[in-house]
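One structure is given here, and the rest of the page talks about it.
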Amino acid sequence: MKIKSAEFVVSNSVVEKCPQQPLPEYAFIGRSNVGKSSLINMLTDRKSLAKTSGRPGKTQLINHFLINDNWFLVDLPGYGYARVSKSTKKTFQKFITNYFEQRQQLVSAFVLIDIRHKPQPVDLEFMQYLGEKEIPFSIIFTKADKLKPKAIERHVEEYCNHLLRFWEELPPHFVTSSSKKIGQDEVLGFIAETNEE
Ligand code: GDP
């Protein structure tokens, strides 16, 4: 998919106020600092699209970007830095779970994982939550440039093996680097494919 246009539309914290157009949308989420803004900019070939919404005060919002006038890219707040809590419900802010549970237009979520790190409880919990709600998602491993090719393979395999302890099937997964522009075609190709269905 070629990105012809990418524009910021709106930020808000209430799912009911999200854009009403019946366009397919794809939501990006992950722990703070996982590389989400950089990934969104890399995918859309824009230097600071995500930063538009990343300025202070806007980071805790649902941010909609209209891409090629035919789908929405949604930048969701980072999770996992809130106070540790015992229940998933409290770990993930209510407006995020409202978004996932109510947004009819959502085709798929992308859960971002820093490829250098071992599986973290908060990420696993979040994927578990999506699974329970039957919300389709893929995993995007970020910052692949930080590892050598062999280590990338090993880390992805370890992560997938870990998931297979709890999941019968692996979600689709992508290896990306925003600094080296790796994975753009694969992620956009996946969006184009599922967008047409
Ligand atoms: P966010 O908080 O998830 O939006 O993360 P940012 O996109 O702001 O990135 C967090 C930090 O990781 C910044 O210092 C980025 O420069 C760095 N970073 C993000 N993506 C990459 C990447 O692909 N490779 C490397 N080496 N660093 C990255």
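Here, each number is a calculation from the coordinates, and none is a lab measurement. As the structure is a prediction and not an experimental result, all values here were calculated from the model. Neighbour counts run over all protein chains shown; Cβ positions are idealised from the backbone, glycine included.
Extension gain for Asn68 to Asp145 (0.36 nm times residue separation, less C-alpha to C-alpha distance): 24.9 nm.
Please order Trp167, Trp71 by the number of other Cβ within 10 Å, starting at the fewest.
In increasing order of surrounding Cβ atoms, one gets Trp167, Trp71.
Each peptide in 16-25, 182-191, 60-69 gets a packing score, the mean of other Cβ atoms within 10 Å over its residues, and the list from highest to lowest is 60-69, 182-191, 16-25.
Using a cut-off of 19 Å between Cα atoms, the listed pairs Lys17/Lys133; Lys36/Lys146; Lys47/Lys143; Lys51/Lys133 include Lys17/Lys133; Lys51/Lys133 as exceeding that distance. The H on the amide N of Ala109, modeled in the peptide plane, is under 5 Å from the matching H of Ala27, Phe137, Ser138, each at least 5 residues off or on a different chain. Distances between placed amide hydrogens fall under 5 Å for Ser13 paired with Ile62, all partners being 5 or more residues away or on another chain. Note that the stretch 135-149 has calculated 3J(HN,Hα) couplings of 9, x, 8, 10, 9, 10, 7, 10, 6, 4, 5, 7, 10, 7, x Hz, one per residue in order, obtained from phi through the Karplus relation 6.51 cos²θ - 1.76 cosθ + 1.60 (θ = phi - 60°); glycine and proline are x.
Whole-Hz Karplus values for the stretch 154-161 come out as 5, 5, 5, 5, 4, 5, 5, 4 Hz, taken residue by residue from phi with 6.51 cos²θ - 1.76 cosθ + 1.60 and θ = phi - 60°; glycine and proline positions read x. In terms of distances greater than 32 angstrom between alpha carbons, the cross-link table entries Lys2/Lys148; Lys94/Lys181; Lys2/Lys94 yield Lys94/Lys181; Lys2/Lys94. Shown in residue order for the stretch 19-36 are the 3J(HN,Hα) couplings computed by the Karplus curve 6.51 cos²θ - 1.76 cosθ + 1.60 at θ = phi - 60°: x, 8, 4, x, 9, x, 9, 10, 10, 10, 8, x, 5, 3, 6, 6, x, 5 Hz (x for Gly and Pro). Global dimensions of the chain from alpha-carbon coordinates: Rg and Dmax equal 15.8, 45 Å. Taking amide H positions as modeled 1.01 Å from N, with prolines and chain starts lacking one, the residues under 5 Å from Ser178 and 5 or more places away or on another chain are Lys143, Ala144.
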